[in-house]
Structures are given as C-alpha cells and as structure tokens.
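> I have a structure here, written as structure tokens, and I will follow up with some questions on it.
The values are calculated or read from the model by the stated rules, or taken from the named source; none is laboratory data. The structure presented is a predicted model; accordingly, all values stated were derived computationally and were not measured. Glycine gets a Cβ as well: all are built from the backbone with ideal geometry, and neighbour counts include every protein chain shown. Just so you know, the surface numbers come from the protein's heavy atoms only, side chains and all, with ligands and any DNA or RNA stripped out. Shrake-Rupley method; radii C 1.70, N 1.55, O 1.52, S 1.80 Å.
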Amino acid sequence: MANDYWGMCPSSEIANEINHKWERHQRWLSVTGYGERAQKMYDTFYGDFGISLDNENINAKMSVNHFKSLIQRLHSITTQSKLQYVPKSRNSDAASMNETDLAKGLLEYYSDEKDMNQVTSRMVELGLVMLDSYVYAPW
C-alpha cells in the first residue's frame, strides 16, 4: 500500500488512513516548528493587546496592534489593483484564436461571477498571517 493513493483504500480502511495522515501532519508541524510559528502569527494578528488602567477615577483600556496594522497595509498594497489575466495563444490559427477568446471569457466569468478578486484577496491576507495559503479551484 506504500505506493498506492490513500484515497483508493477500501472503505473499511479509509478512516484509519486519514487518521494516519493527520498524525503525520501533526508530527511534521511539531518537528519543523511551523505549527508554533503559525500559532504565534495568528495570536499576534488576532490577539488582544489591551493595556488596562484601573484606578479609582480612571477605568480605560487601550489596544495597540502594530503587527496587524503592518500586515493590513502590506495586504492593501499587494491587492489594491484588480487582477488582469490576458490569455495569449502561441499559434495564430483560427482554432487557437477561438480558444483564446474562450479562455478570456472564462477568466472574466470567474473574476466577476465567482468574485475571484475577493477570493485571492482573502488568500493573500491569510498567507501573510498564517505563513501559507492556497485556493482550491476545481476547474
């Protein structure tokens, strides 16, 4: 079974295979230190950095998160312009030009109807905070 795809296991063994893969992933996060770094980044970005002043006359709380501000600024700079995909054909025959027009239409459809700009913007923000990010697009 070492070289077989894990998803092709019999249904009676699939849960064990998924559990085994999860345990291996958890070990990898621990050994590499990636999990701890990602947790620190998450805590720093979304955490509570309140400074409390409790006095008889003053009860105030001030929150300053420079890290979040810097990440949001970097995200803004990175994603401020709309994505522009320009498909080009390698050949100049009619079939290739038709395929190029089809590709352009598909890209416009996904950009407008499926809001790919928002999806990629969210992916960039997640990547900046969690050190890694991806988009699953089964098309």
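> In a loop (DSSP other than H, G, I, E, B), over 30 Å from residue 36 (Cβ atoms) and among the β-branched types (Val, Ile, Thr): does that describe residue 135?
Working: in a loop (DSSP other than H, G, I, E, B): yes; over 30 Å from residue 36 (Cβ atoms): no; among the β-branched types (Val, Ile, Thr): yes.
Criteria not met by residue 135.
> Just to be sure I understand, how many residues within the stretch 72-86 are more than 22 Å from residue 126 (Cα to Cα) and at pLDDT 90 or above?
Counting residues in the stretch 72-86 that are more than 22 Å from residue 126 (Cα to Cα) and at pLDDT 90 or above gives 0.
> So, residue 124, is that one assigned to a helix (DSSP H, G or I), in contact (Cβ under 8 Å) with a residue 40 or more places away in the chain and touching a Phe, Trp or Tyr at 6+ places or on another chain (Cβ under 7 Å) or not? I'd like the intermediate steps shown before the answer.
Numbers: assigned to a helix (DSSP H, G or I): yes; in contact (Cβ under 8 Å) with a residue 40 or more places away in the chain: yes; touching a Phe, Trp or Tyr at 6+ places or on another chain (Cβ under 7 Å): no.
Answer is no for this residue.
> Now for a separate question. Taking the stretch 87-139 as the search range and keeping residues that are modelled with pLDDT under 90, open to solvent by 100 Å² or more (accessible area, probe 1.4 Å) and polar (S, T, N, Q), which one is farthest from residue 68 (Cα to Cα)?
Taking the candidates together, the pick is 92.
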